[in-house]
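Down below is the structure, laid out as structure tokens.
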Amino acid sequence: MIDGPSKVPGQWKGRTDTNRKAVFNSSGVLETLPSGLGEKIRNKTINKAEFTNIIDSHKTQGNLSEVKKGDYVIVRVDDVSNRTLFCTPVAKSSMSEFFYSTNKNPFFTLAE
């Protein structure tokens, strides 16, 4: 869930369901998770390259949304530090939609 703007201009900060701090750029958030992507994640039939291609394809089609404090955003974790996750935003979501699309498991690993 988004807490608000980060100290860094152009970034948002939020918390995961395990209370880890996450930061990500404020642009490039899809309005919804692309159709069929949740099923591929659930069935573990997708790799990193395919995931990235699907997301990038939908972003270039202009299906983007603005985010605000209180929104839930699905993010891809790119890097970590002791206390912070550095992420790329994927799509806006709700808690129930996200847990359904990932088979009630908020953490999943994409194969290389």
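The amide H of ALA22, built 1.01 Å from its N in the peptide plane, has GLY14, ARG15, THR16, LEU85 as neighbours under 5 Å, considering only residues 5 or more places off or on other chains. For the listed peptides 60-66, 46-52, 33-39, a ranking on the average number of other beta carbons within 10 Å per residue, highest first, reads 33-39, 46-52, 60-66.
Seen from every direction in turn and averaged, the convex hull around the alpha carbons of the stretch 2-101 projects onto 6.5 nm².
Read-outs throughout are calculated quantities, based only on the coordinates presented, and are distinct from any laboratory measurement. If you're wondering where the values come from, they're calculated on a predicted model, not measured in any experiment. Note that we place each Cβ from the backbone using ideal geometry, even for glycine, and neighbour counts take in every protein chain shown.
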